[in-house]
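Student: Submitted below is the structure of interest, expressed as structure tokens.
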Amino acid sequence: MSQESADATVTERPRQSRAVAGATRVWRIVSANSLSLVGFCIVLSLVFVAVFAPVLAPYEPSAQQLDNTLAPPSADHPFGTDNTGRDILSRIIFGTRYAIAIAVVVVTLETVVGVSLGLVAGYYRGKVDETVMRGLDVLVSLPPLLLAMVIVTTFGINIWNAMLAIGIVYIPMMSRTVRSSALSIREETYVQAAEGLGYDSKRVMLKHILPNSVPPIVVLGTTDVAYALIDVATLSFLGLGIQPPKPSWGAMANAAREYILVTPWPIVFPTLAIAIAVLGFNLLGMGLRETLLYGEDYDEVVE
Amino acid sequence: MTLLDVDGLKKHFTVDSGFLSGLLGETRTLKAVDGIDFSVDAGEAFTLVGESGCGKSTAILSALRHQQPTAGKVRFKGQDIEMYSKRALRGEAQLIYQDQQDTLNPKMSVGEAIAEAIRFHDVVPPEEVDARVDDLLERVGISPAEKYQEPSAFSGGQKQRIAIARALAVEPSLLVADEPVSGLDVSVQAQILNRLMDLQEEFGLGLVYVTHNLGIARKISDTIGVMYLGRIVEYGDVDDIFEDPQHPYTQALLSANPVPDPAVDRDRIVLEGNMPDPIDVDDRGCPFVPRCPEATAECETAEMGLKPFEGDRGHLVDCIHR
Amino acid sequence: MVSGRTLGYLLKRLGAGVFIVWAVTFLVFVLLQIAPGSPADILLSGGVVTEEMRRTVVEQYNLNEPWYVQYLLWLRDVVTGDLGYSFAQQRPVATLIADRWAITAQIVTLSMVLATLMSIPTGIVAGYKHGSSLDRLLTVVAIVGVSVPVFVSGVLAILAFSFHINVIPSSGAGSGVIGRLTHLFVPSLLLGGMIGALMFRMMRSGMRDVLEKDYMETCVAMGLPTRKVVVKHAAINALAPVLTVSGLWIGFLIVYAMVVEYVFGMGGLGRLIIHAVQAQDAPVVLAGTIITAVVFVISNIVVDFLYTKIDPRVAIGGQP
Ligand SMILES: Nc1ncnc2c1ncn2[C@@H]1O[C@H](COP(=O)(O)OP(=O)(O)O)[C@@H](O)[C@H]1O
Ligand code: SF4
Ligand SMILES: [Mg+2]
């Protein structure tokens with residue numbers, strides 16, 4: 001209760017404090033669970049590294065040192081160098097940007113397209129729902145990675161096609177989740193009341209149904225970023241995604257495969273980076289699931 | 001001025017009764033509302049009373065196009081209600097629900113909920129919205145300082161009053177309240193009812209009130225319609241109904257739920273059985289036959305309909321023995 | 001036994017399955033049409049193109065006809081088992097796939113078995129004792145399990161085993177039953193670990209949900225021994241969603257089986273299809289997609305059938 005009144009006074013103050021209140025709220029939810037706390041720290045570090053990559057990286061990611069190739073970790077090159085003498089640490093640092101870009105693309109497509117479709121299907125029900133859901137069933141029947149392969153085969157292998165393909169294939173699960181949540185929320189009295197006030201369907205969907213389906217959207221979106229990172233890394237590892245010499249982790253691992261007999265480091269560090277990034281989003285998603293969807297102290301934390 | 005004029009309103013539901021008949025494509029018709037007439041003037045409080053399940057909610061929901069009626073004509077301010085856009089109609093006629101406390105979006109501050117209604121219906125210029133919200137909250141006894149809170153911060157009675165404030169925010173000319181205080185503490189009930197009556201008087205609203213509680217009906221209404229199995233069986237001024245009830249059902253209701261009034265002294269009439277499902281009702285004759293202490297063979301086949309009692313055009317009864 | 005109602009339900013699901021396969025063929029066809037470059041170019045890319053090859057592809061895919069005629073004729077070919085011709089490899093796609101599907105199928109099966117063995121018992125225990133330190137440990141292991149892409153664990157396994165321990169063969173598919181199994185074991189274990197981690201999570205939360213329902217308390221109150229209650233009621237109830245989801249995962253499993261195969265240098269569908277994508281050999285990729293959709297649909301119908309045996313609500317005709 002005291003927490004709530006504190007919130008209310010904060011909401012009255014100008015925008016800046018509202019941002020503070022929002023951040024406090026996020027922090028309260030995230031820190032409610034040790035899984036999400038660790039995950040959140042990993043994700044936050046990724047964002048930090050991606051933003052400050054030029055400052056943090058000791059070398060240019062593409063600077064070759066042909067007299068110092070495939071070097072093991074040393075004081076000069078903490079993660080060693082690759083087959084053209086590029087600093088692996090610097091490349092991994094810049095690779096963070098691709099990971100974050102993938103996260104952004106997937107989350108954007110999922111929320112813009114996936115959430116809208118789910119809302120519309122769940123709100124209008126009937127024929128609209130049937131049509132949308134049957135269409136999505138078709139997408140669901142194809143594994144994300146395979147559909148992505150089809151798209152890059154027909155549209156060409158490049159970073160944008162790979163990211164878009166992966167983004168598209170995560171839409172159906174989000175739509176289904178939002179739909180089922182919209183289906184139950186639209187029966188809530190407050191939605192009936194919103195319609196009783198004459199509000200148009202757009203307003204009812206966006207201002208009354210959507211805000212109440214946020215928890216499952218956040219949980220699924222976070223976990224999906226983890227899967228998308230795996231998929232794009234796998235695509236790049238297979239040479240079908242982000243292409244060398246771009247410093248994406250998957251492409252780096254792919255390029256290093258040839259030299260695995262000579263030295264393991266060029267493949268070990270990028271693959272570890274992938275695993276850690278995926279782990280970060282997975283932990284965050286798992287923890288949020290516990291807090292937002294199951295938590296006994298859900299009300300305390302969220303309200 | 002007549003605000004709402006309901007004529008021959010029917011609402012039938014198709015129900016499939018069980019799995020086997022469902023397979024055979026057999027459906028049955030549930031006549032939740034089976035031809036009712038009533039009208040409400042500006043400033044008038046009309047109450048629909050009847051046992052739970054007699055069709056009160058369905059009647060008002062289909063009268064105001066929250067549900068599509070099966071048949072009937074409804075006029076609002078003299079114009080066919082079908083001619084109104086949804087937005088225009090909801091700006092004129094507001095509904096207060098039975099479980100009103102749950103009508104507030106849990107993720108929207110109560111102040112915003114009221115402001116949204118004001119803005120959507122263009123009630124006042126944008127810069128006056130805030131002041132209007134504060135004013136409305138004050139009127140229902142909520143401190144405007146609390147407007148930034150979400151509904152979970154309020155008690156049931158407070159939420160009820162906030163929702164009433166929101167319904168009033170659109171400045172409707174008709175307010176329809178469906179058992180708005182059931183489930184609340186008696187003291188809170190009284191508070192809210194008093195406020196509702198004050199507001200009705202202040203704004204000159206037409207009020208349609210729905211309840212199964214005869215005490216409330218008597219307290220709040222000018223006119224009353226007694227419903228049984230989807231029909232209005234008796235209609236009249238509040239005094240006619242409570243002091244001179246004519247229909248055997250009304251008489252039974254009043255004797256079973258005595259409303260304190262020393263001037264009236266009645267024998268206790270006990271109704272037998274329960275109100276049947278509106279699904280098993282015969283089209284012919286009086287639907288009250290199975291439970292009516294005065295039923296005769298004639299009642300089973302007679303042509304039914306509301307008729308003036310003793311030539312009084314304001315007091316109507318649907319019983320062939322009156 | 002299968003009641004009339006269950007049969008009707010299964011028939012409905014079968015109809016939905018046919019629709020899905022049809023829609024996948026249509027989707028693939030549409031992608032070919034809207035992709036930059038003419039369908040002929042896309043179908044031919046991946047090799048040196050001669051005028052004669054161009055004529056063949058135009059003829060085989062009826063590229064001079066209107067699009068719907070092209071589609072219908074192509075659909076007729078697909079239905080009759082003619083999956084097209086790989087110009088890059090100069091062989092019919094059906095032959096290419098027939099030579100290679102077995103290894104992929106074996107990996108998929110073996111990893112499903114391993115995943116089940118690893119995840120169901122642990123999921124039951126973790127869900128039953130949720131919140132305990134054992135539960136926490138298993139949960140963290142499972143999160144790490146789903147976080148490591150199979151190509152990563154594959155590469156690390158190859159590094160660890162083949163070069164430093166030198167016990168487990170790291171490349172090729174092996175010969176003979178024993179040889180094949182030892183070759184398949186590590187890739188399947190990695191893949192099974194990933195799927196198993198997902199199954200574990202579902203099983204665990206399924207157990208939790210079921211155990212928190214009132215009727216479980218009623219069972220306990222009625223004096224049934226706790227252990228029996230837990231194992232019989234909760235586990236069977238928790239298994240139903242896991243089963244459904246494993247049906248949905250089958251396509252995912254096939255593709256990731258391709259990836260591990262590729263990493264371990266085995267000659268299954270993985271190598272065929274991944275090389276085809278790299279070489280932009282469209283006929284092979286499209287055929288692979290359609291086959292995956294068919295397998296997906298069939299396995300889901302099987303799952304639906306099993307589901308009617310587990311979950312009585314479906315058997316009497318509720319929604320799945
Ligand atoms: N959507 C519906 N479908 C089928 N039957 C309904 C529906 N809504 C109401 N009914 C039935 O109509 C009858 C009248 O219900 P209602 O109007 O809610 O009564 P009241 O408000 O007087 O308690 C009841 O028998 C109820 O079961
Ligand atoms: S008509 Fe007959 S059955 Fe109906 S109320 Fe009158 S007396 Fe009773
Ligand atoms: Mg009611």
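The values are calculated or read from the model by the stated rules, or taken from the named source; none is laboratory data. Because the structure is a prediction, the values reported are computed rather than measured. Using ideal geometry, Cβ is built from the backbone for each residue, glycine included, and neighbour counts are taken over all protein chains shown. When the accessible area is computed, the model is the full protein with side chains, heavy atoms only, and any ligands, DNA or RNA have been set aside. Shrake-Rupley method; radii C 1.70, N 1.55, O 1.52, S 1.80 Å.
Student: Checking C:V242 against (1) over 30 Å from C:G37 (Cα atoms); (2) more than 9 Å from chain A (Cβ to nearest Cβ); (3) open to solvent by 30 Å² or more (accessible area, probe 1.4 Å): exactly one of these is not met. Which one?
Tutor: (3)
Student: So, one more: It is to be established whether one or more residues within the stretch A:108-125 are in contact with a Ser or Thr (Cβ under 6 Å, 6 or more places away or on another chain) and not small (G, A, S). Working first, answer last.
Tutor: At the first step, the residues of the stretch A:108-125 found to be in contact with a Ser or Thr (Cβ under 6 Å, 6 or more places away or on another chain) are A:114, A:117-118.
Right, trim to not small (G, A, S) and you get A:117.
Yes, the stretch A:108-125 contains a residue that is in contact with a Ser or Thr (Cβ under 6 Å, 6 or more places away or on another chain) and not small (G, A, S).
Student: What number of residues in the stretch B:178-212 are within 16 Å of ligand 3 (Cβ to nearest atom) and open to solvent by less than 60 Å² (accessible area, probe 1.4 Å)? Before you say what the answer is, go through the steps one by one.
Tutor: Of the stretch B:178-212, the ones within 16 Å of ligand 3 (Cβ to nearest atom) are B:178-184, B:208-212.
Checking which are open to solvent by less than 60 Å² (accessible area, probe 1.4 Å) leaves us with B:178-182, B:184, B:208-211.
Residues flagged as within 16 Å of ligand 3 (Cβ to nearest atom) and open to solvent by less than 60 Å² (accessible area, probe 1.4 Å) within the stretch B:178-212 amount to 10.
Student: What residue, of A:Q192, A:Q243, is within 14 Å of chain B (Cβ to nearest Cβ) and touching a helix residue (DSSP H, G or I) at 6+ places or on another chain (Cβ under 8 Å)? Steps first, answer last, please.
Tutor: On the way: A:Q243 fails: within 14 Å of chain B (Cβ to nearest Cβ).
None of the others qualify; the one that does is A:Q192.
Student: Kindly check whether there is at least one residue in the stretch B:46-57 that is at pLDDT below 95 and within 14 Å of chain A (Cβ to nearest Cβ).
Tutor: yes
Student: Hey, can you tell me all the residues within the stretch C:47-68 that are open to solvent by less than 40 Å² (accessible area, probe 1.4 Å) and β-branched (V, I, T)?
Tutor: C:V57, C:V58
Student: Answer with yes or no whether C:T109 is more than 14 Å from every other protein chain (Cβ to nearest Cβ) and loosely packed, with under 14 Cβ neighbours inside 10 Å.
Tutor: Details: more than 14 Å from every other protein chain (Cβ to nearest Cβ): yes; loosely packed, with under 14 Cβ neighbours inside 10 Å: no.
For C:T109, the condition - more than 14 Å from every other protein chain (Cβ to nearest Cβ) and loosely packed, with under 14 Cβ neighbours inside 10 Å - is not met.
Student: Please work out which one of (1) of a type in the set (D, E, K, R); (2) within 14 Å of chain B (Cβ to nearest Cβ); (3) buried (at least 24 other Cβ atoms within 10 Å of the Cβ) is the condition A:E110 fails and give its number.
Tutor: (2)
Student: Something else now. Restricting the search to the stretch B:161-189, which residues are part of a loop (DSSP other than H, G, I, E, B) and free of Cβ contacts under 8 Å to residues at least 40 places away in the same chain? Reasoning before the result, please.
Tutor: In the first step, residues of the stretch B:161-189 are kept if they are part of a loop (DSSP other than H, G, I, E, B); the result is B:170-173, B:179-185.
Result: B:V181, B:L184, B:D185.
Student: Which pairs do you get when a residue that is within 7 Å of another protein chain (Cβ to nearest Cβ), found in the stretch C:12-38, comes within reach of a residue that is small (G, A, S), reach meaning Cβ atoms under 7 angstrom, with the pair 6+ apart or on two chains?
Tutor: C:I20/A:S141; C:I20/C:A293; C:V24/A:S141; C:V24/C:A293
Student: Are any residues in the stretch C:285-303 within 9 Å of chain A (Cβ to nearest Cβ) and more than 13 Å from the chain's Cα centre (by Cα), and if so, which ones? Walk me through how you get there before you give the answer.
Tutor: If we filter the stretch C:285-303 for residues that are within 9 Å of chain A (Cβ to nearest Cβ), which is where we start, we get C:285-286, C:288-289, C:292-293, C:296-297, C:300.
Result: C:V285, C:L286.
Student: Still on this model: Within the stretch A:211-240, which residues are of a type in the set (S, T, Y) and within 14 Å of chain B (Cβ to nearest Cβ)? Break it down into steps so the answer makes sense when it comes.
Tutor: Residues of the stretch A:211-240 that are of a type in the set (S, T, Y), as a first pass: A:213, A:222-223, A:227, A:234, A:236.
Matches in the stretch A:211-240: A:S213 only.
Student: In the stretch B:35-58, what residues are over 22 Å from B:L193 (Cα atoms) and within 16 Å of ligand 3 (Cβ to nearest atom)?
Tutor: Residues satisfying the conditions are B:I36, B:G53, B:C54, B:G55, B:T58.
Student: Here's something else I'd like to know. B:S109 passes all but one of (1) facing chain A (nearest Cβ under 9 Å); (2) more than 16 Å from A:V204 (Cβ to Cβ); (3) in contact with a strand residue (DSSP E or B) (Cβ under 9 Å, 6 or more places away or on another chain); which number fails?
Tutor: (3)
Student: Among the residues of the stretch B:129-160, write down those that are at the interface with chain A (Cβ under 7 Å from one of its Cβ atoms), touching a residue at least 40 places away in the same chain (Cβ under 8 Å) and outside any loop (DSSP other than H, G, I, E, B).
Tutor: B:S152
Student: Among the candidates B:E298, B:E310, single out the residue that is at positive phi, away from ligand 1 (no atom under 16 Å from the Cβ) and charged (D, E, K, R). Walk me through it before giving the result.
Tutor: Values: B:E298 fails: at positive phi.
That would be B:E310, the only listed residue that is at positive phi, away from ligand 1 (no atom under 16 Å from the Cβ) and charged (D, E, K, R).
Student: If you scan the stretch A:180-219, which residues turn out to be in contact (Cβ under 8 Å) with a residue 24 or more places away in the chain and under 30 Å from C:V146 (Cα atoms)?
Tutor: The answer is A:S180, A:S181, A:A182, A:L210, A:N212, A:S213, A:P215, A:P216, A:I217, A:V218, A:V219.
Student: Condition (residue is more than 9 Å from every other protein chain (Cβ to nearest Cβ), of a type outside the set (G, A, S) and within 29 Å of B:L214 (Cβ to Cβ)) applied to the stretch B:114-125: is it met by at least one residue? Before you say what the answer is, go through the steps one by one.
Tutor: Of all residues in the stretch B:114-125, those more than 9 Å from every other protein chain (Cβ to nearest Cβ) come to B:114-115, B:118-119, B:122-125.
Narrowing the set further to residues that are of a type outside the set (G, A, S) leaves B:114, B:118-119, B:122-125.
From what is left, the residues that are within 29 Å of B:L214 (Cβ to Cβ) are none.
No, every residue in the stretch B:114-125 fails to be more than 9 Å from every other protein chain (Cβ to nearest Cβ), of a type outside the set (G, A, S) and within 29 Å of B:L214 (Cβ to Cβ).
Student: So, in the stretch B:234-249, of the ones that are touching a Phe, Trp or Tyr at 6+ places or on another chain (Cβ under 9 Å) and among the charged types (D, E, K, R), which residue ends up farthest from ligand 1 (Cβ to nearest atom)? Please lay out each step first, then the result.
Tutor: So in the stretch B:234-249, the residues touching a Phe, Trp or Tyr at 6+ places or on another chain (Cβ under 9 Å) come out as B:234-236, B:240-241, B:244, B:246-249.
Add one more test, that the residue is among the charged types (D, E, K, R), and what stays is B:234, B:240, B:244.
Numbers: B:E234: 16, B:D240: 22, B:D244: 25 Å.
It comes out as B:D244.
Student: Given the structure, is A:A228 of a type in the set (A, V, I, L, M, F, W, C) and closer than 21 Å to A:T153 by Cα? Explain how you work it out, then say what you get.
Tutor: Working: of a type in the set (A, V, I, L, M, F, W, C): yes; closer than 21 Å to A:T153 by Cα: yes.
Yes, satisfied.
Student: Give the number of residues within the stretch A:249-276 that are buried (at least 24 other Cβ atoms within 10 Å of the Cβ), at the interface with another protein chain (Cβ under 9 Å from one of its Cβ atoms) and under 18 Å from A:V225 (Cβ atoms).
Tutor: 2
Student: Moving on to the next point. Only strands (runs of 3 or more DSSP E) wholly contained in the stretch B:11-128 count here; list those with 3 or more residues that are open to solvent by 30 Å² or more (accessible area, probe 1.4 Å) and over 22 Å from A:G198 (Cα atoms).
Tutor: Details: elements: B:28-41, B:45-49, B:71-76, B:93-96.
Answer list for the stretch B:11-128: B:28-41.
Student: Are any of the residues in the stretch A:220-239 open to solvent by less than 40 Å² (accessible area, probe 1.4 Å), without any contact (Cβ under 8 Å) to a residue 24 or more places away in the chain and among the hydrophobic types (A, V, I, L, M, F, W, C)?
Tutor: Yes; the residues of the stretch A:220-239 include at least one that is open to solvent by less than 40 Å² (accessible area, probe 1.4 Å), without any contact (Cβ under 8 Å) to a residue 24 or more places away in the chain and among the hydrophobic types (A, V, I, L, M, F, W, C).
Student: Something else about it: So how many residues does the stretch B:190-233 have that are touching a Phe, Trp or Tyr at 6+ places or on another chain (Cβ under 9 Å), part of a helix (DSSP H, G or I) and of a type in the set (A, V, I, L, M)? So that I can check it myself, show each step before the final result.
Tutor: Initially, the stretch B:190-233 is screened for residues touching a Phe, Trp or Tyr at 6+ places or on another chain (Cβ under 9 Å), giving B:196, B:206-209, B:214, B:216-218, B:220-226, B:228-229, B:232-233.
Filter once more, keeping what is part of a helix (DSSP H, G or I): B:196, B:214, B:216-218, B:220.
Going one step further and asking which of them are of a type in the set (A, V, I, L, M), we end up with B:196, B:214, B:216-217, B:220.
Count: 5.
Student: Looking at the stretch A:144-164, which of its residues are within 12 Å of another protein chain (Cβ to nearest Cβ) and either at positive phi or free of Cβ contacts under 8 Å to residues at least 24 places away in the same chain (or both)?
Tutor: Within the stretch A:144-164, A:L146, A:L147, A:V150, A:I151, A:T153, A:T154, A:F155, A:G156, A:N161 meet the criteria.
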